[in-house]
Amino acid sequence: MTKLRSLPLKQITIDDSFWNKYTKLVPEVIIPYQWDILNDKVEDAEPSHCINNFEIAAKLKEGEFQGAVFQDTDVAKWLEAVAFSLASRPDPELEKSADEVIKLIGKAQAEDGYLNTYFTIKEPALRFTNLKEGHELYTAGHLIEAAVAYYKTTGKDEFLKIMMRFADLICSVFSEENNSKGYPGHQEIELALIKLYEVTGTKKYMELAKAFIERRGKAPNYFLEEEKTPLYKNIFPELQDYLPIYSQSHIPAREQTTAEGHAVRAVYMYCAMADLAYEYGDQELFQVCEKLWDNIVSRRMYITGGIGSSGLLERFTTDYDLPNNSNYAETCASIGLALFGRRMAQITHDGRYMDIVETALYNTVLSGIAMDGKSFFYVNPLEVWPDNCMPRTSKEHVKPVRQKWFGVACCPPNIARTLASLGEYAYFTSEDSLWVNLFISGTVKANIKGKEISVDVQTEFPHKGRVQLSIGGGSELTFTLAVRIPGYVREYSASLDKAEIKDAECQNGYLYIEVSGQSLLELEFSLPVRFLHANPLVREDSGKVAIQKGPLIYCLEEADNGGNLPAVYIDTKKPIKEEYIPELLGGTTVLTVYGKKLSDSNWKEKELYKESELIWEDKEFKAVPYCYWCNRKPGEMLVWIKELL
């Protein structure tokens, strides 16, 4: 099966009432704000030190390295977001700023091509002596991805050449002759090397990515052996009692059937495995990807598309262990899940993967950024009581309000590059087809059968299920539109030029319709509000319901419903009221549900336990999309709500 292609971002325009709230922030707010952060110009925010580190490494100033060992990646992801943004919205001043940063990166590069400010400034004698914790290859991966994106957008190759020099060095260092056993402690470079191969045609880059995957998990464990070497130096105290399962190096990749360890590392590795399986026609490796995907989405994923339930080591735990008020669900992990799902959809042409991609994008990824573009969640819980989010407790990682920045700030620039590249998720193409994955108003241009076509998309999705696709192009050209029918849609209708379509093929979650230039395709999806239950083995959610409309998961907030939200019980037999409120949260559908709340009116101040009659208060409760929580004022939040039986 031919892998579907993402379209160049310059061929996609997004002008959508839902997504504009975020995508327009990228060039106008997010990129400038994060540039100020990288230059340590935002008061009361965690310092970044990023540009300062590069200036020291380039010998433009004197000083000590500051920040995390992987601090350079914040600059890399910022540059990648800039590249994606420039593709859809040219900005000469922004491009000039990016060019200057790239020149600075070039000046910080060593004569042999090595590039990493931590080891250049702080530990020059310890290059590649701590792959377990040093993040050199992870950092290189993000810089490579940024260089590829910038080259594809601007055609400028200075950054690409810088990173090719480093990639060439890495290929030499980790060749079969020099180090035939080493691989990254934090996976990322594997998928970056494949991208570098795709844009340069240099096959050794992809071959090294394959070698890193094949070496991983073989006995004796590379990281445990590395710890015994004289130059090894521990960087992270929490990793002193190292378990290889944390980095998915406990067994070979081909033998893995369950998602284990650090969630971001895992899904980045699975992305590379999917890419490699396709490039090499490796069916065995692809079947491993399918098993790992199924394990995540059927046993280890939150209803919001969050993954990695443990606050300790940001990791997967065991099947159905999905606590709501102490979970981690790192924003980067959901971004990685979306990247993995996108690849699986491109390879299989199966819409079930894009169902999960959509869930992650609309819920956890958007939850990770405030609607002003200037504060962020690293952790995405499904239940919050601000009073118990206390330092040095099991919930110290849970923040009840978004933060201006973080000491470890991988998530904010990752969100920026994801929002800037949203079009890559929305559409795919093949030789004779255009695939519509997400329902986002705007326009898309594509080359189908050697001819250019355009499609104008108009929708109020996810609030309403009507989607109009106006096809432009030569009337003599007939091609296929493959439109995803989301898994949550039970009823839909379609018409072409006002004539109802009754015989179109629907396969693997896509509706295949033959269209030609100057056609109008209209779809109507039923998007009723639904009460969802969790598998009873998800112990945290027994006797509870979550609320869904389209791809959006809803939550209760203290701002609408008062405090002590766990005392709320919903009557799922009563109808739900829907109301679109233009002035609320930039315009959103608010749901009113009905039920009861336990009263504390018969409890005295010093009573903690006693025999007591339950006193109920009849109430109505307002629910808003989870992605918007804490955009008004801090307070309690709840996704899974007790069901009144």
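Coordinate-derived values only; no laboratory data. Not measured: the values here are computed from a predicted model. Cβ atoms come from the backbone with ideal geometry, glycine included; neighbour counts cover every protein chain shown.
Results, tabulated for the structure shown:
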item	result
Spread of Cα-to-Cα distances over 10 Å intervals beginning at zero, given as percent, for the stretch 427-525	15, 55, 28, 2
Footprinting exposure proxy for Met164, Met273 (fewest neighbouring C-beta atoms within 10 Å first)	Met164, Met273
Antiparallel content of DSSP bridges confined to the stretch 530-643, in %, to 5	95 percent
The stretch 248-311: Cα Rg divided by the 2.2 N^0.38 Å rule of thumb	1.10
In the stretch 422-524, trypsin sites (Lys or Arg not before Pro) in a DSSP loop with at most 16 other beta-carbon atoms within 10 Å	Lys449, Lys464, Arg490, Lys498, Lys502
Loop-located GluC sites (Glu not before Pro) in the stretch 1-109 whose Cβ has at most 12 other Cβ within 10 Å (DSSP)	Glu43, Glu62, Glu64
Overall form of the stretch 202-338 per C-alpha gyration tensor (a/c, 1.5; a/b vs b/c)	oblate
Phi-based couplings in Hz for the stretch 27-34 (Karplus 6.51, -1.76, 1.60; Gly and Pro marked x)	x, 7, 10, 5, 5, x, 4, 5
Three-way shape label, the chain, alpha-carbon gyration tensor, a/c 1.5	oblate
Relative contact order (percent, whole number), the stretch 252-421, Cα cutoff 8 Å, 6+ residue spacing	20 percent
Spacing of the two label points (7 Å from each Cα toward its C-beta) at Glu177 and Lys59, in nm	2.9 nm
Sparse-neighbour loop sites [GluC sites (Glu not before Pro); the stretch 453-539; at most 14 other C-beta within 10 Å; DSSP]	Glu476, Glu491
Alpha carbon convex hull of the stretch 252-421, projected area averaged over orientations, nm²	9.9 nm²
Per-residue ³J(HN,Hα) for the stretch 146-154, Karplus 6.51 cos²θ - 1.76 cosθ + 1.60, θ = phi - 60°, Hz, x for Gly and Pro	5, 5, 4, 4, 5, 5, 5, 7, 9
